[in-house]
Amino acid sequence: MTSSADSAAARARRIVALNTAYFQAKALQSAVELGLFELLAERSAGLDRIRAELGVRHRLFKDFLNALVGLGLLDEQDGGYRASELAREFLLPGPTYLGGTARQHARLHYHAWAQLTDALRDGKAKSAVAAQGQLAYPKQYEDLDRARQIMLHMDAHNGFTADELARAIDWSRYTSFVDVGGGRGNVASRIATAHPHLRGGVFDLPALRPLFEELVASAGTADRVDFHGGDFFATDLPEADVVIFGHVLPDWPVGDRSELLRRAHKAVRPGGLVVLYDAMIDPEERDPEVLLQRINHTMIRDEAGAYSLQEARAYLEEAGFTVDRIAASDTITRDHFAIGVKSA
């Protein structure tokens, strides 16, 4: 007799679960967009109170809340609901906040992925910003509120990477670093906080300076992390012991990647490092989360594309660096670090 765990119905449910996985994603995203976790962060509230404070009318809203309980995002207490420990750790504003990336996926990525079949056929990105090409970020950064949402999305990922960088490099050998394309300075501030002897810099588009100033003031690093505004193809990179490129190279064609690393070689002081971190392609990789994450880049912009571990090595060597190591890291996007050394 076939066990219930291996019945035809059980096997079919695995397919159905894949087919409807977006139900759970949208439940999370809507809860974030409604502000549900902020409302229930410090206190428990009943159904009617939550309805009233959030302005929700759906007749199955209780089912929605109970589904979030089942997903581990809410706790049910004496007929009321409260944000779970997991939600309080990652879905309330703070150093580990992931709500920004939930909002960005709801606003941009979800709609692009709805057209995955067309993208596979024609090879074209399907996001709302795809047509803007390389102007996508400058145009979005013109609106500081929009830029802030993008930064929250980026920081949700790079905060974990920053902590890995702080541990993976022997920073006692260096006194300065610059994060190229470093946004509002989240990575730079976290590294500087972990290693108080360092002076850091962020090089990015001038429009991001106000958001940078907000973050470093909040992080207490304004006296040790500076902002350098410019276009990294038109402006020399600031000189430093260590130059970091995180989730930057995949946004550009191969020729531009090489140019950026040549510019980095000029900026790195003798004996210093260049550090790349990206979701690089490992030919042996079969983890579906990693593989689909790489496809995600190409759904947003046509120019975007992951590069392999072997290509990372080639990029570094072509620019004049000696490859120190290429290694996997424990980050949200399962990044690899590729580290090159400039000869003394």
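Only sites in a loop by DSSP and with at most 16 other Cβ atoms within 10 Å count here; which GluC sites (Glu not before Pro) in the stretch 21-115 make the cut? All intermediate terms of the calculation are to be shown ahead of the outcome.
Details: sites: Glu33, Glu38, Glu42, Glu53, Glu76, Glu85, Glu89; in loops: Glu42.
For GluC sites (Glu not before Pro) across the stretch 21-115 that sit outside H, G, I, E and B with at most 16 neighbouring Cβ atoms in 10 Å, the list reads Glu42.
Taking a ≥ b ≥ c as the square roots of the eigenvalues of the Cα gyration tensor of the stretch 64-185, is the shape rounded (a/c under 1.5), prolate (a/b larger than b/c) or oblate? Write down the numbers at each step before the final one.
Numbers: a/c = 2.11, a/b = 1.11, b/c = 1.90.
In terms of gyration-tensor shape, oblate.
Relative contact order (percent) for the stretch 1-99, with alpha-carbon contacts under 8 angstrom and 6 or more residues of separation? Before the final figure, lay out the partial values.
Details: 76 pairs, mean separation 24.2, N = 99.
With pairs under 8 Å counted, the relative contact order is 24 percent.
Here are some pairs, Lys26/Lys139; Lys139/Lys342; Lys124/Lys266; which of them have Cα atoms lying more than 30 Å apart in this structure? Can you show the working numbers first?
Details: Lys26/Lys139 27 Å; Lys139/Lys342 35 Å; Lys124/Lys266 35 Å.
Over 30 Å Cα-Cα: Lys139/Lys342; Lys124/Lys266.
Before anything else, pin down the relative contact order of the stretch 72-167: Cα pairs under 8 Å, at least 6 apart, normalised by residue count, whole percent. Present the calculation step by step, with values, prior to reporting the outcome.
Values: 76 pairs, mean separation 25.9, N = 96.
Taking the mean separation of contacting Cα pairs over the length of the stretch 72-167, I get 27 percent.
Go ahead and collect, in residue order, the members of the stretch 257-281 whose backbone nitrogen is under 19 Å from a label point 7 Å along the Cα-Cβ direction of Asp170.
Only 269-276 pass the distance filter.
With both partners inside the chain, how many of the DSSP beta bridges are antiparallel, as a percent to the nearest 5?
45 percent
Just how far, in whole angstrom, is the stretch 312-327 from the stretch 107-166 if you go by their alpha carbon centroids?
27 Å
Local charge sum around Asp163 (other residues, Cβ-Cβ under 11 Å, Lys/Arg +1, Asp/Glu -1)? Working shown, then result.
Values: positive: Arg167, Arg190; negative: Glu164, Asp330.
With Lys, Arg at +1 and Asp, Glu at -1, the net is 0.
Place the peptides 312-320, 195-203 in order of packing, highest mean first, counting for every residue the other Cβ atoms within 10 Å and averaging per peptide.
Working: 312-320: 18.1, 195-203: 20.0.
Highest mean packing first, the order is 195-203, 312-320.
Which of these values of Cα Rg over 2.2 N^0.38 Å was calculated from the structure shown: [x] 0.99; [y] 1.09; [z] 1.16?
Here the calculated entry is [y].
What is the calculated FRET efficiency for Val69 to Asp145, with r their C-beta to C-beta distance and R₀ = 35 Å, to the nearest 0.05? Show your work: numbers first, answer last.
On the way: r = 32 Å, r/R0 = 0.92.
Here the calculated transfer efficiency is 0.60.
Provide the per-residue ³J(HN,Hα) series for the stretch 58-74, in order, calculated from phi with Karplus coefficients 6.51, -1.76, 1.60 and θ = phi - 60°, each as a whole number of Hz, with x at glycine and proline positions.
Here the 3J(HN,Hα) series is 4, 5, 10, 4, 4, 4, 4, 5, 5, 5, 5, 4, x, 7, x, 9, 10 Hz.
Please report the net charge: other residues with Cβ closer than 14 Å to the Cβ of Pro253, K and R +1, D and E -1. Write down the numbers at each step before the final one.
Values: positive: Arg257, Arg301; negative: Asp251, Asp256, Glu259, Asp302, Glu303, Glu311.
Net charge in that neighbourhood comes out at -4.
Counting Lys +1, Arg +1, Asp -1, Glu -1, what net charge surrounds Val243 among other residues with beta carbon under 10 Å of its beta carbon?
Numbers: positive: Arg263, Lys266, Arg269, Lys342; negative: Asp179, Glu239, Asp241.
Net local charge, Val243 excluded: +1.
Residues in the stretch 212-229 near a label at His197, defined as backbone nitrogen under 19 Å from the 7 Å Cα→Cβ point?
224-225
To the nearest 0.05, how large is the calculated FRET efficiency for Lys266 and Thr20 if R₀ is 56 Å and r is the Cβ-Cβ distance?
0.60
Taking amide H atoms as placed 1.01 Å from N in the peptide plane, list the residues 5 or more away in sequence, or in a different chain, whose amide H sits under 5 Å from that of Ser308.
Hits under the 5 Å cutoff: Ile281.
Hey, what did the stretch 195-281 get for relative contact order, percent, Cα under 8 Å, at least 6 apart? Kindly include the intermediate steps, with their values, before the conclusion.
On the way: 95 pairs, mean separation 25.8, N = 87.
Contact order relative to length: 30 percent.
Which residue, Arg286, Arg263, Arg88, has the most motion in a Gaussian network model of the chain that connects Cα atoms within less than 10 Å?
For the chain, modelled as a Gaussian network with Cα springs under 10 Å, the answer is Arg286.
Any read-out appearing in this document is the output of simple, stated calculations on the displayed coordinates, not a laboratory observation. All of these numbers come straight from a predicted model, not from anything done at the bench. Glycine gets a Cβ as well: all are built from the backbone with ideal geometry, and neighbour counts include every protein chain shown.
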